[in-house]
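**Student:** Encoded as structure tokens, here's the structure I'll be asking about.
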Amino acid sequence: MEVRKMNPLTLPEIIGIRVVVFETLWASRFHKTPLHELLHVLDGRFELTYEDGRRFPGKKGDTFLVRADTPHEDIFEFKEDLKILVIHFRWPDQEELLNSIDNARINRIGTNLRSELRWTFEHMRNDLGGGELERTLENARLMTALLLIHKGVHFLQSPPPEINSRHELVLAAQEYVKRNYGARLTLDGIAAHLKVSPYYLSRLFKQECCFNLFEYIAEVRIDEAKKLLRDGQFLVSEVAAMTGFENPNYFAKIFRKKVGCPPGKFR
């Protein structure tokens with residue numbers, strides 16, 4: 001994966017950061033700002049719309065970059081609360097990097113990177129301060145968020161690696177699960193990504209690891225759920241959804257079986 005070179009000593013400069021409960025004004029006309037905007041949805045749903053017709057639907061946990069001086073609308077249901085962390089910033093030394101970030105891909109990046117992004121935004125939201133040290137820390141966190149996005153977007157554009165052995169195939173399957181544990185994972189989907197048959201992948205994984213692929217998926221998801229529960233910022237139902245469990249009751253059953261206690265009592 002080729003990532004653009006950058007000067008690691010150059011930080012973006014945050015001009016403003018706040019949590020905004022959006023008003024109907026922003027959904028009724030196009031608007032723009034001379035600064036870049038990074039938007040992270042904390043609650044609700046909306047659609048980022050550009051004058052040229054491009055549309056990007058967003059929901060809780062999604063992130064968007066709006067380039068400076070770009071007219072856009074934020075369309076949402078007036079009856080539904082929309083809460084967004086809005087960061088206005090400048091980064092003149094890295095315009096090329098910002099140009100490479102595509103809103104069509106940001107919210108398709110791997111689950112691990114999305115989790116890192118979520119924690120970064122949570123820290124930015126909770127640790128606002130007015131001193132020079134605090135401002136530098138916030139600028140560094142913004143750079144972290146932008147580089148995570150850049151890394152994830154460019155990974156999506158990279159072709160899958162050539163797999164030359166049984167062991168490499170198993171490692172590639174494990175890596176795919178680690179990146180996408182929060183999404184819906186199927187044997188057919190993983191096999192298609194690795195360009196092998198589902199039957200071959202299932203049989204090989206069991207032979208190499210002595211447990212099946214779905215047991216491995218469950219282990220990865222439970223390990224990630226433990227990290228989220230220790231942090232204490234999310235409900236059990238939110239942790240279940242973030243780690244790929246569609247049914248919170250099933251999540252609680254699997255968690256208790258593997259960990260020995262219900263998720264609500266784990267810390």
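The values are calculated or read from the model by the stated rules, or taken from the named source; none is laboratory data. Quick caveat, the model's predicted, so the values are computed rather than measured. Please note: Cβ atoms are built from the backbone with ideal geometry, for glycine as well, and neighbour counts cover all protein chains shown.
**Student:** Exactly one of (1) at pLDDT below 90; (2) closer than 27 Å to Val170 by Cβ; (3) basic (Lys, Arg) is unmet by Arg221. Its number?
**Tutor:** (1)
**Student:** Pairs only if they're at least six apart or on different chains, beta carbon under 6 angstrom, first in segment 43-66 and touching a residue at least 40 places away in the same chain (Cβ under 8 Å), second of a type in the set (A, V, I, L, M) and part of a strand (DSSP E or B); list them, first residue then second.
**Tutor:** Qualifying pairs under 6 Å: Phe56/Leu48; Gly58/Val41; Asp62/Val41; Phe64/Leu39; Phe64/Leu48; Leu65/Leu38.
**Student:** Identify all residues within segment 53-74 that are crowded, with 16+ Cβ neighbours inside 10 Å and assigned to a strand (DSSP E or B); write none if there are none.
**Tutor:** Matches in segment 53-74: Phe56, Gly58, Thr63, Phe64, Leu65, Val66, His72, Glu73, Asp74.
**Student:** Need pairs with beta-carbon distance below 6 Å; first residue in the same structural domain as Asp52 (by TED's automatic domain parsing) and under 14 Å from Ile14 (Cβ atoms) and within segment 28-41, second small (Gly, Ala, Ser) and not in a strand (DSSP E or B); sequence gap 6+ or separate chains.
**Tutor:** Matching pairs, first to second residue: Leu35/Ala68; His36/Ala68.
**Student:** OK, next. Would you mind stating whether Arg256 is in contact with a Pro (Cβ under 8 Å, 6 or more places away or on another chain) and either charged (D, E, K, R) or not in a helix (DSSP H, G or I) (or both)?
**Tutor:** Considered against the rule, which asks whether it is in contact with a Pro (Cβ under 8 Å, 6 or more places away or on another chain) and either charged (D, E, K, R) or not in a helix (DSSP H, G or I) (or both), Arg256 comes out as yes.
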